[in-house]
Amino acid sequence: MFAMIELELRRLKHDRTEIYTRAIQPILWLAVYGTVMSHVKAIPTDGIPYLDYITPGVLLQSTIFVSVFYGLTIVWERETGILKKLLVAPASRYATVIGRSVASGVRAIFQVLIIIPVALLIGVDFIFNPLYFLTAILIIFLVSGGFAAISILIASLMKTRERFMGIGQAIIMPLFFVSNSLYPIKLMPTVLQYFAYFNPLTYAVDAVRGLLISGDIRNLLPDIAAIVIFDVAMFAVASISFSKIIE
Amino acid sequence: MTIAIEVNGLVKVYSGKVRALDGVNLKVKAGDVFALLGPNGSGKTTLMRILTTQFKPTSGEASIFGLDVIRRDAEVRKVISYVPQEMSVWTDISGYENLLIYAKIYGLPSTGRTKVIREALEGMGLDSVADNLVKTYSGGMIRRLEMACAMLIRPRILFLDEPTLGLDPTARKVVWEKLVSFKKEFDTTVFFNTHYMDEADIYSDEIAIIDRGRMVKFGTADELKHSIKKEVIQFILTNHIVAENVLKMIRSMDFVSYVIISNSELNVVVKDAETALPVVMEILRNEGVSVKKISMTRPTLDDVFLKYAGAISLQGGGIREIKQIRSMSGKGYI
């Protein structure tokens, strides 16, 4: 399992371009969309500046982006022989699935480490509490792991890269919009609100916003509980679907 | 004699209709190099993937050193190594790092791990390029790196799926030389699929031919060649004219299939050229036919292959196989 994390780190060591290019989109959200919309002041954010309000959402969106496309790696490894070789390795297949997901969490963390300094530059006001910060990182890590598991599930259904690209996009953007990332859920039509409550991103954004921006962590425990339930469910499904990828 | 692989009545049906394996029986002795030959789509890869516990057969049994591949798959995976047909290393890290990651995935103890990796690299002649990115490797080097990965756990059986597909002759030779020396050192059983008849001929102890999901022939390279029963003895004669009764005498021998004469060339098709030659020679000498030159043509494995599995190979291997070969060429394999 740790071997997979090490693999990711070693890959990143040799080629860091991906981290930088992947940071462009979230930085655009913050620097362009966020800055412009903060002048509109039409969205009730409980007194938090709008730019600060959307930072956690953008942060999470960009990290789950990394995770969801991690399945692409699995598809690629299926086309090459790596996946086959991993299956024949004297290690548990579940450990392989979990190791893969966790490794993608590591990649996601690097994403965070790039976006936060940029957000600071633009003028986002973070709470400087190391404990809060670490908890936020942990939550991001957990959520990315869950989404990586979803992506393994998708990979088992979509066996080609092209299909995967399409479905990956079709998942991330709706999740991003139907959550409290850009605006409070209260503003949505009732039907969408229901969806938002089933969206794990909502809970993650809520927790990270509390920890990094507003300091309001009353909902932290239920948020974490929701994320853990989501993770466990996704890991279980991904482990089962993994055997499908093979054939 | 220990049996390394035993397969009984193995059937694999894909999505309810394609019968990839149709009752395969097979026995491989421990310590042998075993070649499985078959046209595209004959079930070679399917058989190997079942033996390496990647998926389950529809029915039938298979075991590796007495361990059932379905019920005791975790134990099987501890004694086997497998090199898939497609590339199975990460190209964006170095060769050494690939081995390190695989060593960790395989759960090699950390003490002595570096030594095992170094030995594997040396064994495959890759020590000088160990720290270069795999991207910069040639097809043959990548193959050798994959072999090095497979050897990390000192497997009792090494499964190789088309080990030299798309390599140039020199690279193929190097891969096999390294493989043979590894096999000698650790007494590993080697089971490989191939399209290259010459490889099966030179390097294997035993050969099986699979066609349409069934084993059609089994034996050593020599046994297989003899089984064709068509060897040609060619006599170049000093004189153009051979009396009809001489030909009749040769034709009447029970081991002679047929005789063709054209100009000064006399071709005698027999079951076994080595034993037939002295007899035919005797007849020619007694009848005063002088011979300038003799040559024997024995069937090659290609002839064997064409005889037992020829029909289907004409239909081609389908787009999947072509795509695979092409995609490998893109990755520097060919």
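The table below lists the values:
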| item | result |
| --- | --- |
| Helical segments meeting 15 Å axial Cα length and Kyte-Doolittle -0.5 threshold in chain A (DSSP H) | A:2-14, A:17-28, A:50-68, A:93-122, A:130-157, A:161-177, A:220-246 |
| Additional length obtainable on full extension of the chain from residue B:154 to residue B:2, 0.36 nm per residue less Cα span | 52.9 nm |
| DSSP-defined antiparallel bridges as percent of all bridges, the protein assembly as shown, nearest 5 | 70 percent |
| Zero-based 5 Å bins, Cα pair distances in the range B:229-297, whole percents | 3, 19, 34, 29, 13, 2 |
| The range B:1-92 shape via C-alpha gyration tensor axes, a/c threshold 1.5 | rounded |
| Cα gyration tensor shape for chain A, rounded if a/c is under 1.5, else prolate or oblate | prolate |
| Test item: A:74-87 mean partner chain Cβ contacts at 10 Å | 6 |
| Residue B:138 paired with residue A:133, simple spin-label distance in nm, labels 7 Å along Cα-to-beta-carbon | 5.1 nm |
| Pairwise Lys count, the range B:229-297 - Cα closer than 20 Å, eight or more residues apart or different chains | 4 |
| Rounded, prolate or oblate (a/c below 1.5 giving rounded, otherwise prolate when a/b exceeds b/c) for the protein assembly as shown by Cα gyration tensor | prolate |
| Calculated [θ] (222 nm, deg cm²/dmol) that DSSP helices of n ≥ 4 give over chain B, each run adding -39,500 (n - 2.57) | -12000 deg cm²/dmol |
| Burial order of peptide ranges B:88-98, B:212-222 (average beta-carbon count within 10 Å, highest first) | B:88-98, B:212-222 |
| Long-range amide H partners of residue B:4 with built H, under 5 Å | B:28, B:29, B:30 |
| Lysine pair number, Cα distance threshold 22 Å (strictly under), chain A, separation 8 or more or different chains | 6 |
| Sequence-separation-based contact order of chain A, relative, with Cα cut under 8 Å and 6+ spacing, percent | 28 percent |
| Fluctuation leader among A:204, A:233, A:89 - chain A, Gaussian network, Cα springs under 10 angstrom | A:89 |
| Mean Cα-pair separation over length for the range B:229-297, i.e. relative contact order, pairs under 8 Å, 6 or more apart, % | 50 percent |
| Evaluated over the range B:3-225, the Cα radius of gyration and Dmax, each in Å | 17.2, 50 |
| Cα-projected label distance for residue B:234 with residue B:131, points at 7 Å along beta-carbon direction, nm | 5.7 nm |
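Computed from the coordinates by the stated procedures, all read-outs in this text should not be read as laboratory data. Everything numeric here is computed off the predicted structure, so don't read it as measured data. For neighbour counting, all protein chains shown are included, and Cβ atoms are generated from backbone atoms with ideal geometry for every residue, glycine included.
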